[in-house]
Amino acid sequence: MSPKAAWVSLLSKTAYLPGLLVVDYGLKAAKSKYPLIVMVTPDISQDARDVLKNRGLISVDVGVVAPDASRQRFDVHDARFADTWSKVRTFEMVDYDRVVLLDADVIILRNMDELMDLDLPKDQIAAAHVCACNPRKLPHYPADWIPENCAHSAVSGPNASPPQWSEGKPRPYSQLNSGVVVLEPSMAVANAIIERLMTSAEVENFTFADQDLMIEHFKGMWKPLPWYYNALRTLQVVHPKIWRDEEVRCLHYILPDKPWKARVPDEGTGSPFDETNRWWWAHYEKLGEELRAADPEGWKLVSANVAPK
């Protein structure tokens, strides 16, 4: 076990409070040995902070990190990314030897404490690949995001190792998804990333905010994790060869339609994501049983930020 390690997540909008609490619920249900640290930005209300405190979570105030608005060119589908730059504050958590950054739109289904002991070269990170298949054919996604260039297409089965990037391989092989990132905090690394954010001309071309920033900064300096540590929900549809429900440690609800925005009726909606959305709601309902008893006022705030029954 690492001398001092933690899970870390960013809360920059109260709308993501239910998601973050579901992350915490999953970690506890999976019996993780490590705490979840929540980085909170100044806009988060005291009521939301009280909910975190009453759940026994450690909150750390962080300043917002963002380039000038004129240098951010997000598609209307991805306006939510304007708040995610501050995830780079995770690299400043130098009171910890090892942290794993988790987005607030994931759920934990199996214990994955082994990530705290993963061998990691100095100043490098570990993460799973992006899925470059673009199944929704979104026109603002990179032109080379096609199935034949997707690193997951090169994985032969659910327990096979992900491919390494090298010169001559498709560009998406060099791209990580920043929903789960294993790292060792360092002020030097944090400062270098923030300096790149504030000065690099490439920022104006970024599609995925903090993710593209990490891709640029750590090119050739990150270790690929197996898909199941950051199981992008689209993989179930576009990469059925590797997907197995029972292998998923952490499920990531990528794309704007987060599960808490709509309930799944018994008859379903016809979406391929109905079943995995139900997984999120199952965790949420169990969380609710605990919160209704321990913090009824907090539960009112949480439930106000999900789709009504």
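Here, each number is a calculation from the coordinates, and none is a lab measurement. Because the structure is predicted, anything quoted here is derived from the model rather than measured. Glycine also receives a Cβ, built like all others from the backbone with ideal geometry; neighbour counts cover every protein chain displayed.
Details
- Near-label residues of the range 104-130 by backbone N, under 13 Å of a point 7 Å along Cα→Cβ of Arg196: 123-126
- Taking label positions 7 Å along the Cα-Cβ direction at both Glu267 and Lys241, the computed distance is 3.8 nm, reported to one decimal.
- The GluC sites (Glu not before Pro) of the range 258-309 that DSSP puts in a loop, and whose beta carbon has at most 13 other beta carbons within 10 Å, are Glu267.
- The charge dipole of the chain, taken about its Cα centre with unit charges on the Cβ of Lys, Arg, Asp and Glu (plus for the first two, minus for the last two), comes to roughly 340 debye.
- Efficiency of FRET between Ser59 and Ser156 - r from beta-carbon atoms, R0 45 angstrom, step 0.05: 0.60
- Applying 1/(1 + (r/R0)^6) with R0 = 22 Å to the Cβ-Cβ distance of Ser186 and Lys219 gives a FRET efficiency near 0.80.
- Relative contact order %, the chain, counting alpha carbon pairs below 8 Å whose residues are six or more apart: 23 percent
- Counting DSSP beta bridges with both ends in the chain, the antiparallel % (nearest 5): 35 percent
- Volume per residue of the C-alpha convex hull in the chain, rounded to whole Å³: 135 Å³
- Residue-wise HN-Hα couplings along the range 84-100, as the Karplus relation 6.51 cos²θ - 1.76 cosθ + 1.60 with θ = phi - 60° gives them from phi, are 9, 4, 5, 4, 5, 4, 4, 5, 8, 7, 6, 6, 10, 7, 8, 9, 10 Hz; Gly and Pro carry x.
- √(5λ) per eigenvalue of the Cα gyration tensor, the range 213-257, largest first, Å: 22, 14, 9
- Straight-distance crosslink candidates among lysines, where the alpha carbon sits under 24 Å from Lys258 and sequence neighbours closer than 8 are dropped: Lys13, Lys28, Lys87, Lys137, Lys286, Lys300, Lys309
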